[in-house]
């Protein structure tokens with residue numbers, strides 16, 4: 001029985017995630033993280049997507065994308081294929097890297113988008129990989145929040161636009177929204 005078609009809407013925003021086969025590692029070291037970042041950037045540029053948030057973990061990744069066209073399926077196939085071939089070559093492995101096809105959820109409104117931003121930023125904390133979102137190097141939160149220079153993958157003005165028109169105020173509001181002052185570190 002064929003899989004149901006995905007809902008794709010031009011101009012829509014999606015929360016997308018992919019996981020390794022049987023939750024195996026899709027990254028083993030910083031070079032793999034850098035390759036994942038580079039290939040996502042290539043895919044974003046080729047497809048004309050806006051990336052609002054991402055987080056790479058060892059077994060999976062999350063990304064929030066705005067798409068001008070209905071091409072999420074083709075873009076994710078391209079990206080996942082490039083990365084899997086790269087990793088297979090580097091580690092002399094064969095076979096699939098990613099388990100099932102990517103998961104995507106249409107982000108339906110501004111409130112939902114804010115929750116996805118927070119969910120992605122807190123994912124490494126919830127996974128036990130770090131004590132606070134700014135401690136995780138392989139995410140867009142640090143650049144968007146102003147802890148480090150802007151990440152070239154992220155459409156920073158668009159990502160911060162839900163918080164405030166002034167970038168400095170928006171960054172402060174993002175930090176407070178994701179990790180409120182006084183919240184204990186894990």
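Since every read-out is calculated from the coordinates, none of them should be taken as a lab result. This structure is a prediction, so every number in the text was calculated from the model and none was measured. Note that each Cβ is placed from the backbone with ideal geometry, even for glycine, and that neighbours are counted across all protein chains shown.
Can you tell me the 0 to 90 degree angle between the C-alpha axis of helix 30-47 and the longest principal axis of the chain, rounded to 10?
Between the helix axis and the principal axis of the chain, the angle is about 90 degrees.
Mind giving me the nanometre distance, one decimal, between the label points for residue 9 and residue 110, set 7 Å out from Cα along Cα→Cβ?
With each label placed 7 Å out from Cα toward Cβ, I get 1.6 nm.
What length, rounded to one decimal in nm, is gained on full extension from residue 150 through to residue 29, with 0.36 nm per residue of separation minus their alpha-carbon distance?
So the chain would gain 41.3 nm between residue 150 and residue 29.
Over the chain, what is the mean sequence separation of C-alpha contacts under 8 Å (at least six apart), divided by residue count, expressed as relative contact order in percent?
25 percent
Kindly express, to the nearest 10 degrees and within the range 0 to 90, the angle between helix 167-178's C-alpha long axis and the longest C-alpha principal axis of the chain.
Value to nearest ten degrees: 70.
Between [x] 10.5; [y] 11.1; [z] 9.6, which entry matches mean projected area of the Cα convex hull in nm² as derived from the coordinates of this structure?
[y]
Compute the length gained on full extension between residue 78 and residue 59: take 0.36 nm times their separation in residues and subtract their Cα-Cα distance, giving the result in nm to one decimal.
4.9 nm
Cα axis of helix 110-126 to longest principal axis of the chain: angle in degrees, 0 to 90, nearest 10?
70 degrees
Using a 10 angstrom cutoff on alpha carbons, build the Gaussian network for the chain and name the most mobile of 137, 19, 85.
In this elastic network of the chain, the residue with the biggest mean-square fluctuation among 137, 19, 85 is 85.
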